[in-house]
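Trainee: This structure is in structure tokens; I'll ask about it shortly.
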């Protein structure tokens, strides 16, 4: 079985500050890992994904994440926060044992950006 | 290319009723998955359809069912609605095969009174 743990249900940063959202995964098979963002009253938008190619993954809107097998982590970062980044962020995992189309999500982290 | 569309966007039902939600995937996508999002349980996988066949299923009671049509459009049905079924139901589609990324629609907000 697979699972992800997102540390911190809320993260607050100032505009222009570094954004760091933490995600640790558990998987008995090589994982596929994803970060999605959800704005109020909307669906999920894919930010980036790791599928066993490069361990440093670059996504949209200046976000990136690094897959670290030794730490079972896939933390999301952005060098400089923008007001428009305020949203809820979800880390998700899938794998061959439960089906690649079955995403298992973390509980989400709400990012608050202050001026 | 148009994204995933879901209809209706909002729905209010009463306990005991049944409801059908619709999802149209991105053109060319043959896999459709459904998820339930609630404040208490978060995002949970319901089921996935590929080429009109259910390929994977989550841990939901039999009141939750789905189907997929030959044009890849999908519907999910919930019978005998309970208050706890109030949720945002999200549909996601992917191109082909199991290893492709899922793209989500805006969701259907179901309220059960």
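Throughout, read-outs are computed from the coordinates displayed, never taken from laboratory work. Values in this document were obtained by computation on a predicted structure and should not be read as measured data. We place every Cβ from the backbone using ideal geometry, glycine too, and count neighbours over all the protein chains shown.
Trainee: Roughly how crowded by other chains is peptide B:40-47, in terms of the mean Cβ count from those chains within 10 Å of each of its Cβ atoms?
Mentor: Averaged over the peptide's residues, the number is 4.
Trainee: If you don't mind, another one. So, in nm, how far is label residue A:58 from label residue B:101 when the simple model puts each one 7 Å beyond its Cα toward the Cβ?
Mentor: Reported label-point gap for residue A:58 and residue B:101 is 1.4 nm.
Trainee: Another question, then. Can you give the Rg/Rh ratio of region B:21-87, where Rg is from the C-alpha atoms and Rh is the Kirkwood radius?
Mentor: We get a ratio of 0.97 for region B:21-87.
Trainee: Find the centroid of the Cα atoms in region B:1-49 and in region A:74-107, then give the distance between the two in whole Å.
Mentor: 19
Trainee: To the nearest whole number, what is the average tally of beta carbon atoms from other chains within 10 Å of the beta carbons of peptide A:37-49?
Mentor: 4
Trainee: Still on this structure, I have one more. Quick check on packing: order A:36-46, A:52-62 by the mean number of other C-beta atoms within 10 Å, highest mean leading.
Mentor: Going by the mean number of other Cβ atoms within 10 Å, highest first, we get A:36-46, A:52-62.
Trainee: If you scale each eigenvalue of the Cα gyration tensor by 5 and take the root, what three semi-axes come out for chain B, rounded to whole angstrom and sorted largest first?
Mentor: Gyration-tensor ellipsoid for chain B: 23, 14, 13 Å.
Trainee: Let me ask another. Kirkwood hydrodynamic radius for the protein assembly as shown: how many Å is it when counted over pairs of different Cα atoms?
Mentor: 18.1
Trainee: Let me ask something else. Give the share of C-alpha pairs in each 5 angstrom bin for chain A, from 0 to the last occupied bin, in whole percents, shortest bins first.
Mentor: Over chain A, the share of Cα pairs per 5 Å bin runs 2, 13, 24, 25, 19, 10, 5, 2, 0 percent.
Trainee: Just how far, in whole angstrom, is region B:62-96 from region A:20-37 if you go by their alpha carbon centroids?
Mentor: 25
Trainee: Figure the gain on full extension for residue A:97 and residue A:29 (residue separation times 0.36 nm, minus the Cα-Cα span) and round it to one decimal in nm.
Mentor: Gain on extension, residue A:97 to residue A:29, equals 23.8 nm.
Trainee: Using the basic label-point model (7 angstrom from Cα toward the beta carbon), what is the residue A:45 to residue A:68 distance in nanometres?
Mentor: 2.8
Trainee: Does region B:55-113 come out rounded, prolate or oblate by the C-alpha gyration tensor, with a ≥ b ≥ c the root eigenvalues, rounded set by a/c under 1.5 and, if not, prolate when a/b is larger than b/c and oblate if not?
Mentor: prolate
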